[in-house]
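Worksheet for the structure shown next.
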2 protein chains.
Amino acid sequence: MNEQSTAAMDVALAYHRAWTSHDFDRAMTYIAEDIVCQAPAGRLAGADAFRGFMGPFAQMLTRSNLVAAFGDDEKAVLMYDTDTVPVQDAPGAECLTVAGGKITHMRIIFDRLPFEAARRAASTGEAAGGE
Amino acid sequence: MNEQSTAAMDVALAYHRAWTSHDFDRAMTYIAEDIVCQAPAGRLAGADAFRGFMGPFAQMLTRSNLVAAFGDDEKAVLMYDTDTVPVQDAPGAECLTVAGGKITHMRIIFDRLPFEAARRAASTGEAAGGE
């Protein structure tokens, strides 16, 4: 893993360590109230919307590994692997803007296709099971 | 865009500028013969396999914008927006390992879901059109 300490990266990594260790409440302490998050499904505005998106993902996490982390005073980019309950090997990348010790903007990229496939398989299985 | 010049990033950005300016042959001059690329669909080994994956994507490109680029002597991470013929707003992230001026490893993350949806819509349209 590549890591250089910068103002933005310190916050980005603190956030990352919190959510990947299943302490999502602590992770949220690094999120600005007015965060804007550009996620694969669209734009999320505000900490509550962000929690609604990222919280359930963090709950599904079974393993994570930081691949790279770089940054400067204002921005950091993290890339990581995760395994989750529905999908193994689900990497993600985030570009985070930090101001006043809080993450004010996050662009997050991951592949939704295997999650969609797992969701469809689960709903087919439920239908077949009759429950 | 955040940009710091480092050995790995110089190569990563030269590669990026080449493929986003539709000069894929030039882009390939930065790719090691024995590159290993971890793409959303799986592992690609060797420059020919890499060209077969990335070349068609580069051909579909209609616009690109570099969001962030960071790196050190060995690794660089790029995040970018692209618009493509089938999908608008298709961001990607790459973690590139560079040795001897060539990219020897690339981890690339993007969301396949909108590309899959576009492919399905196109094949449905073709079937409906009878061609």
Residue among B:PRO56, B:PRO114 that is part of a helix (DSSP H, G or I), facing chain A (nearest Cβ under 10 Å) and either touching a strand residue (DSSP E or B) at 6+ places or on another chain (Cβ under 6 Å) or not small (Gly, Ala, Ser) (or both) = B:PRO114
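Anything in segment A:59-76 that is more than 7 Å from every other protein chain (Cβ to nearest Cβ) and under 24 Å from A:ALA49 (Cβ atoms)? List them, or say none.
Result: A:GLN59, A:MET60, A:LEU61, A:SER64, A:GLU74, A:ALA76.
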Scan segment A:23-53 for residues that are more than 14 Å from chain B (Cβ to nearest Cβ) and of a type in the set (S, T, N, Q) and jot them down.
-> A:THR29
Name, by its number, the condition in (1) in contact with a Gly (Cβ under 9 Å, 6 or more places away or on another chain); (2) farther than 12 Å from A:MET106 by Cα; (3) not hydroxyl-bearing (Ser, Thr, Tyr) that does not hold for A:VAL36.
-> (2)
Looking at (1) surrounded by fewer than 18 Cβ atoms within 10 Å (Cβ to Cβ); (2) under 25 Å from B:LYS75 (Cα atoms); (3) in contact with a Leu (Cβ under 9 Å, 6 or more places away or on another chain), can you tell me which one A:GLU74 breaks?
-> (3)
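Of all the residues that make up segment B:77-109, how many are hydrophobic (A, V, I, L, M, F, W, C), within 11 Å of another protein chain (Cβ to nearest Cβ) and assigned to a loop (DSSP other than H, G, I, E, B)?
Let us first name the residues in segment B:77-109 that are hydrophobic (A, V, I, L, M, F, W, C), namely B:77-79, B:85, B:87, B:90, B:93, B:95-96, B:98-99, B:103, B:106, B:108-109.
Okay, now just the ones that are also within 11 Å of another protein chain (Cβ to nearest Cβ), so B:77-79, B:90, B:93, B:95-96, B:108-109.
Of the ones still in play, those that are also assigned to a loop (DSSP other than H, G, I, E, B) are B:90.
Counting residues in segment B:77-109 that are hydrophobic (A, V, I, L, M, F, W, C), within 11 Å of another protein chain (Cβ to nearest Cβ) and assigned to a loop (DSSP other than H, G, I, E, B) gives 1.
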Return the pairs, sorted by first residue and then second, in which the second residue is among the acidic types (Asp, Glu) and in a loop (DSSP other than H, G, I, E, B), the first residue lies in segment B:20-32 and is within 14 Å of B:GLY101 (Cβ to Cβ), the beta carbons are less than 8 Å apart, and the residues are 6+ apart or on different chains.
-> none
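Just name the residue that is farthest from A:TYR15 (Cα to Cα) out of those in segment A:100-119 that are among the β-branched types (Val, Ile, Thr) and either surrounded by fewer than 16 Cβ atoms within 10 Å (Cβ to Cβ) or more than 12 Å from the chain's Cα centre (by Cα) (or both).
By that ranking, first place goes to A:THR104.
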Just checking, which of B:ALA39, B:ALA47, B:ALA69, B:ALA58 is farther than 16 Å from B:TYR15 by Cα, among the small types (Gly, Ala, Ser) and either at pLDDT 95 or above or touching a helix residue (DSSP H, G or I) at 6+ places or on another chain (Cβ under 9 Å) (or both)?
-> B:ALA39
Might you let me know whether segment A:49-69 holds any residue that is touching a Cys at 6+ places or on another chain (Cβ under 7 Å), under 20 Å from B:ALA68 (Cβ atoms) and free of Cβ contacts under 8 Å to residues at least 60 places away in the same chain?
-> yes
Here the residues within segment B:29-53 that are surrounded by 19 or more Cβ atoms within 10 Å (Cβ to Cβ) and part of a helix (DSSP H, G or I) are B:PHE50
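Could you check, for segment A:15-22, whether at least one of its residues is surrounded by 14 or more Cβ atoms within 10 Å (Cβ to Cβ), farther than 27 Å from B:ASP89 by Cβ and touching a helix residue (DSSP H, G or I) at 6+ places or on another chain (Cβ under 8 Å)?
Checked against the condition, which is being surrounded by 14 or more Cβ atoms within 10 Å (Cβ to Cβ), farther than 27 Å from B:ASP89 by Cβ and touching a helix residue (DSSP H, G or I) at 6+ places or on another chain (Cβ under 8 Å), segment A:15-22 yields at least one hit.
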Only residues in segment B:102-126 that are farther than 21 Å from A:VAL77 by Cα count as the first member; pair them with residues that are part of a strand (DSSP E or B), Cβ under 7 angstrom, at least 6 apart or cross-chain, and list the lot.
-> B:LYS102/B:ILE31; B:LYS102/B:ALA32
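The values are calculated or read from the model by the stated rules, or taken from the named source; none is laboratory data. In this text the structure is predicted, and so the values were computed from the model without any measurement. Reconstructed Cβ throughout: ideal geometry from the backbone, glycine too, with neighbour counts over all protein chains shown.
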